[in-house]
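Worksheet for the structure shown next.
The values are calculated or read from the model by the stated rules, or taken from the named source; none is laboratory data. Source: prediction; values computed, not measured. We place every Cβ from the backbone using ideal geometry, glycine too, and count neighbours over all the protein chains shown. All accessible areas refer to the heavy atoms of the entire protein, side chains included, with ligands and DNA or RNA removed. Shrake-Rupley method; radii C 1.70, N 1.55, O 1.52, S 1.80 Å.
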Amino acid sequence: MTDTIDDIASEDVPAVESPPGGWRAVAAKEVADHLLSGRFVVLMGVLGIATAAAVFAASGGLRDLGTDTEGITALFLKLFTVAADPVPQSLLFFVGFLAPLLGIMFGFDSVSGERSQGTLPRLLSQPIHRDEVILGKFVAGLAVVTIMLISLVLFVSGIGIFRLGVVPSPGEISRLAVWLVFTIIYVGFWLALATLCSVLAKRAATSVMIPVGIWLVLTVFGGFLISAAAGIISPRDGSEAGEAAYVSTVQSVSQLSPVTLYDLGSNVLLEPDSRVLLASGLVSVEQLDRALITELSLTQSLAVLWPQIAILLAMTSVMFALAYVSFMRDEVRA
Amino acid sequence: MSTTIRSKELTKTYGDHNVVDRLDLDIAAGEVFGLLGPNGAGKTTTILMLLGLVEPTEGSIEVLGLDPRRNPLEVKRRVGYLPDAVGFYDTMTGRENLRFTARLNGLDDFEGQIESLLELVGLAEAADQAAGEYSRGMKQRLGVADALVKSPSVLILDEPTTAIDPEGVGEMLTLIQTLAKDEGVTVLLASHLLHQVQTVCDRVAIFVRGKVVAQGTPHELAKVDKSGRIKVEFRLGGDPASGRANLESVGTVTDVAPGRVPGSWVAELESGSLAPTVTSLVSNGADVIGVHRLDEDLESIYRRYFETREEATA
């Protein structure tokens with residue numbers, strides 16, 4: 001009899017919702033933490049120096065061309081893509097190189113830090129769903145990275161106007177906007193990877209080493225690994241057909257690495273010149289020749305690029321899902 | 001009185017080891033209940049199950065009439081929890097840490113509440129220092145304030161006095177008592193510092209290796225006495241052999257055995273015959289240096305179980 005009463009009593013309790021936007025409280029706290037942290041200052045400094053150096057060199061190089069610049073399409077975007085003495089690489093290269101580091105730095109201690117500070121049991125005993133914790137942290141990391149990237153673009157615009165007197169055209173602005181979103185998705189991949197490691201690793205030192213290791217391997221040895229893998233799948237026998245098969249295998253395999261996906265995508269997004277597109281190997285001469293296009297519209301670039309964007313988005317989503325599931329299953333132990 | 005926390009046959013197994021073994025708890029509203037046991041007894045695991053943070057292997061739990069497995073959010077909304085070795089965000093101040101908790105609880109107007117809680121735990125002065133600069137004791141006091149931010153009906157405190165200085169312990173225990181008596185908060189207090197906390201507990205359960213070995217009011221437990229006889233240790237000066245003979249000659253004494261140090265003897269007496277025994281010893285000319293009861297009072301229960309436990313873990 002008492003059992004029945006107990007059952008009814010607990011059935012009657014309305015399902016309790018988490019306070020509206022528990023994840024927002026988590027995210028707001030995390031953003032404030034990140035913005036005040038030493039690592040934010042350091043990363044902002046590194047990114048700022050890389051940007052300043054690359055863009056000053058590029059704008060100097062473009063200015064030396066003098067009046068010839070009139071013939072150049074999308075001059076403003078050249079600030080991102082041109083490498084000129086004495087800086088060996090373009091801004092685009094630096095952003096691609098540093099983006100994983102941003103994701104890793106804002107994610108590697110998101111859960112292991114709570115553990116080592118002893119705040120996790122307290123946090124999890126508050127009336128919010130567990131997924132709001134991980135979601136809030138992920139959103140906060142992305143928000144801070146977005147702030148950094150937007151200020152980078154504004155910084156470049158300032159230099160462009162000041163040094164070259166060029167103002168970005170609406171077409172260039174929309175390309176930059178898409179590139180920003182693409183870059184944020186890419187950083188999101190590394191952020192999710194670092195978050196996953198911070199759930200699984202018991203110490204922050206471990207959770208930073210794993211994603212940094214993956215980043216280094218993919219960045220430094222990525223090209224080598226891709227050609228090695230392609231060589232195994234389609235061995236080069238010297239024949240023309242064999243060579244073509246090898247090249248297409250290299251292309252397919254390279255889509256498995258987020259690093260090469262991003263490099264390819266960001267180049268195509270910021271280079272409306274069709275020759276770049278040809279060099280990327282995404283389209284053949286025949287496909288382009290018919291229209292004799294030299295400058296592509298954003299829609300045309302996106303039409304070529306959508307598989308890469310979709311793959312990268314899928315990689316980021318899968319990585320976040322893994323981090324999410326592992327956090328939900330992570331048991332608090334006495 | 002209505003039941004606030006109830007568990008039946010609650011069991012948690014890690015591997016093939018029962019950390020909590022068929023635990024039955026029944027804690028009434030407004031009661032201060034002490035879960036006392038050595039480290040590793042399963043106290044924290046029990047608490048985590050009550051909060052729905054750890055899935056029980058078997059058994060049922062009810063907190064405020066709710067099942068923490070089915071309704072964890074409502075349980076967490078109404079239960080304040082001070083974890084063992086509580087931690088705070090080091091870069092945020094004590095006050096900011098409490099604000100964050102208030103926001104997670106969906107509270108709106110919390111500044112006044114936080115201020116009075118900081119006063120209550122004696123941290124008003126240090127409220128705007130970074131929590132990273134707090135001592136362990138200060139963190140523990142902030143932890144109590146943190147558990148109270150949501151105005152809970154149940155307060156679960158895991159080792160609330162471990163890192164606090166003796167003076168602070170008294171204040172903390174008084175605070176716990178006040179909350180229970182004046183605010184009607186039900187308190188579950190887990191600790192291995194039995195002597196400290198037993199004074200504020202209405203009831204205690206002695207919890208060893210996942211099992212409750214004794215339960216009741218501290219007063220009831222102190223009366224555990226099966227044979228009607230008590231054990232007493234006598235320290236006698238002079239020649240040990242004559243001391244023993246002297247002791248054995250007293251009529252109320254049986255079973256004299258050597259004690260822990262030379263010249264001390266453990267003897268069994270009839271309950272209530274301690275004073276006459278000492279009187280006859282003295283009148284027989286024995287040099288009585290010390291008398292110490294060893295029988296089954298609360299303290300000796302603790303000692304017995306805890307020493308066993310330590311041997312087992314060593």
Centre separation in Å (Cα based) which lies between segment B:75-102 and segment B:117-194:
11 Å
What nm distance separates the two modelled labels at A:Ser174 and B:Ser242, each placed 7 Å from Cα along Cα→Cβ?
11.4 nm
In percent, how large is the relative contact order of segment B:235-287, given Cα pairs closer than 8 Å and 6 or more residues apart?
40 percent
Which value, in debye to the nearest 20, describes the size of the charge dipole of segment A:18-329 about its Cα centre when Lys and Arg Cβ atoms bear +1, Asp and Glu Cβ atoms bear -1, and nothing else is charged?
1320 debye
Computed FRET efficiency, Cβ-Cβ of B:Ser283 and B:Thr217, R0 45 Å: what is it to the nearest 0.05?
0.70
Given the convex hull of the Cα atoms of segment B:1-56, what is a quarter of its surface area in nm²?
4.1 nm²
Ranking B:Gly80, B:Val256, A:Ile210 by how far each Cα lies towards the positive end of the charge dipole of the protein assembly as shown (+1 on Lys and Arg Cβ, -1 on Asp and Glu Cβ), the top one is A:Ile210
Restricting to Cα pairs under 8 Å and 6 or more apart, the percent relative contact order of segment A:18-329 works out to 23 percent
Highest-fluctuation residue, B:Val250, B:Val149, B:Val266 considered, GNM on chain B with Cα pairs under 10 Å:
B:Val250
Which pairs in the list A:Lys202/B:Lys76; B:Lys8/B:Lys76; A:Lys29/B:Lys139; B:Lys43/B:Lys231 are over 22 Å apart, alpha-carbon to alpha-carbon?
A:Lys202/B:Lys76; B:Lys43/B:Lys231
Taking a probe of 1.4 Å and counting only protein heavy atoms, give the total accessible area buried between chains A and B in Å², rounded to the nearest 100.
2900 Å²
If you find the alpha carbon centre of segment B:232-291 and of segment A:202-250, how far apart are they in angstrom?
86 Å
Tell me the label-point distance for the pair B:Thr162, A:Met209, using the 7 Å Cα-to-Cβ offset, in nm and rounded to one decimal.
2.8 nm
Could you work out the Kirkwood radius for segment B:55-115, taking every pair of different alpha carbons, averaging 1/r and inverting it, reported in Å?
13.9 Å
Taking Cα pairs closer than 8 Å and at least 6 residues apart, the relative contact order of chain B in percent is 19 percent
Using only the Cα atoms of chain B, each taken as one equal point scatterer with no solvent, compute I(q) by the Debye sum, divide by I(0), and report log10 of the ratio at q = 0.09, 0.12 Å⁻¹.
-0.58, -0.86
Restricted to Cα positions, what overall size does the protein assembly as shown have along the principal axes? Three whole-Å values, descending.
123, 60, 56
Pairing the Cα long axis of helix A:204-220 with the longest principal axis of chain A, what angle in degrees results, from 0 to 90 and rounded to the nearest 10?
20 degrees
In segment A:118-152, the residues losing 20 Å² or more of accessible area (1.4 Å probe, heavy atoms of protein chains only) relative to their chain alone are A:Gly118, A:Thr119, A:Pro121, A:Arg122, A:Leu123, A:Leu124, A:Ser125, A:Gln126, A:Pro127, A:Ile128
Kirkwood-Stokes translational diffusion coefficient of chain A, alpha-carbon pairs, 37 °C, 0.692 mPa s, µm²/s
147 µm²/s
Provide Rg over Rh for segment A:133-226; use the alpha carbon set for both Rg and the Kirkwood Rh (inverse mean inverse pair distance).
1.10
Tell me which of A:Gly165, A:Ile184, A:Leu120 sits at the most positive position along the dipole axis of segment A:18-329, charges placed on C-beta atoms (Lys, Arg +1; Asp, Glu -1).
A:Leu120
Taking the alpha-carbon centre of each part, the distance from segment A:158-189 to segment A:92-151 in Å is 25 Å
Where the accessible area of chain B is counted over protein heavy atoms with a 1.4 Å probe, how much of it, in %, is carbon and sulfur?
48 percent
Under a 10 Å cutoff between Cα atoms, tell me which one of B:Arg244, B:Arg22, B:Arg260 has the largest fluctuation in the Gaussian network model of chain B.
B:Arg260
Tell me the per residue accessible area of the protein assembly as shown using a 1.4 Å probe; a whole number in Å² is fine.
45 Å²
Surrounding charge for A:Ser37, neighbours by C-beta under 13 angstrom, Lys/Arg +1, Asp/Glu -1, total -2
What percentage of the solvent-accessible surface of chain A, computed with a 1.4 Å probe over protein heavy atoms, is contributed by carbon and sulfur atoms?
68 percent
